[in-house]
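The values are calculated or read from the model by the stated rules, or taken from the named source; none is laboratory data. Please read all numbers here as calculations on a predicted model, not as lab measurements. Note: ideal-geometry Cβ built from the backbone for every residue, glycine included; neighbour counts use all protein chains shown.
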Amino acid sequence: MMLDSGIIASQILLIFLCFAIPIGGFVYLSVRKKHVVKPFFIGMLVFFILQLVIRLPIIQIVLPQTAWFLSMSRNPWLYGLFMGGTAAIAEEFGRYIAVRFLLKKNRRYADGIAYGLGHGGIEAMLLIGVNNIANLIVLLDGQSFLAPVIAAQLSYAAVFTAIFERVCAMALQIGLSMLVFYSVRSKKLRYLVYALVIHTIVDAAIVILPGVFGLSVVWIEAVLFLAAAGLMIWTVKIRPVFINGEENL
């Protein structure tokens, strides 16, 4: 089986970025700001427990055995909002509880960035990085019956879309983390609501845009990019508020 060396190199780049961005960001913050270990690893832990241990097994194993879920899954509006809403509730309330009760002494600007890197990083490493490592091993070995199946799904467009999506997703997770950190610091719950709404919209778009409007993945990535870019702009804008200890925008 002939493999395109350029696509393989692109897949290696995707794997590298899934690990390098969160780990590199963590090392940088550790050197520059100190004491970011706790928020970074709590961010990882919250995502791992609430998504991988609790939510996803329920959605993938338990709910498909119920009639109401199967019926709802045929309606892209309801299914998209359900999937987006449950992801938002699990992650954003998890973030809020972590910041409110576990990070009482770790609510600096750098702590929020570290938390977002941990949260988005473990998502990238486990869901994208590890899966692509496994696929790459199968492809390079070439003996498994899965090799041609995986190879048929690979293209430059698919790999670079995945790279773009993962960078935006990590930026989104940092921005959502900063919203929740600011919500706790300022005692303004509306920022938690903002995080819930943004998260729901971004995740729901994955189902609703193609299922209802017949739009391609380009539009899904556009929604993700706009949300991530908007949150990054807000995150930069809010930095002086954190640094100076002010509580008003």
From the option list L226, L215, single residue qualifying as free of Cβ contacts under 8 Å to residues at least 24 places away in the same chain and in a loop (DSSP other than H, G, I, E, B) is L215
Residues in segment 81-126 that are touching a residue at least 24 places away in the same chain (Cβ under 8 Å), among the aromatic types (F, W, Y) and farther than 22 Å from T200 by Cα: how many?
1
Only one of P76, P39 is crowded, with 16+ Cβ neighbours inside 10 Å and touching a Phe, Trp or Tyr at 6+ places or on another chain (Cβ under 8 Å), namely P39
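Table: residues versus (1) out of contact with any helix residue (DSSP H, G or I) (no Cβ under 9 Å at 6 or more places or on another chain); (2) small (G, A, S); (3) surrounded by fewer than 24 Cβ atoms within 10 Å (Cβ to Cβ).
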residue	(1), (2), (3)
F82	no, no, yes
A88	no, yes, yes
E92	no, no, no
F101	yes, no, yes
Y109	no, no, yes
H119	no, no, no
V130	no, no, yes
Restricting the first residue to segment 37-60 and requiring it to be of a type in the set (A, V, I, L, M), which pairs with a second residue that is modelled with pLDDT of 95 or more meet a Cβ separation below 6 Å and a spacing of at least six or different chains?
I42/A98; I42/L102; M44/G118; M44/I122; V46/G94; V46/A98; L50/A90; L50/G94
Considering segment 190-215 alone, what residues qualify as being in contact with a Phe, Trp or Tyr (Cβ under 9 Å, 6 or more places away or on another chain) and not β-branched (V, I, T)?
Y191, L192, A195, L196, A204, A205, L209, P210, G211, F213
Within segment 73-81, does at least one residue satisfy the condition of being within 29 Å of I137 (Cα to Cα), of a type in the set (F, W, Y) and either within 17 Å of the chain's Cα centre (by Cα) or modelled with pLDDT of 95 or more (or both)?
no
A204 meets each of (1) under 21 Å from I21 (Cβ atoms); (2) under 14 Å from the mean Cα position of the chain (by Cα) with one exception, condition (1)
A228 fails exactly one of the following numbered conditions: (1) of a type outside the set (D, E); (2) surrounded by fewer than 14 Cβ atoms within 10 Å (Cβ to Cβ); (3) touching a Cys at 6+ places or on another chain (Cβ under 9 Å). What is the number of that condition?
(2)
Checklist (1) over 27 Å from L189 (Cα atoms); (2) crowded, with 17+ Cβ neighbours inside 10 Å applied to I61, failing item
(2)
What helices (runs of 4 or more DSSP H) completely inside segment 90-153 contain at least 3 residues that are not hydrophobic (A, V, I, L, M, F, W, C)?
109-123, 130-141
Scan segment 175-185 and give yes if some residue there is outside any helix (DSSP H, G or I), among the hydroxyl-bearing types (S, T, Y) and at pLDDT 95 or above, otherwise no.
no
For segment 192-212, enumerate the residues that are of a type in the set (S, T, Y) and surrounded by fewer than 20 Cβ atoms within 10 Å (Cβ to Cβ).
Y194
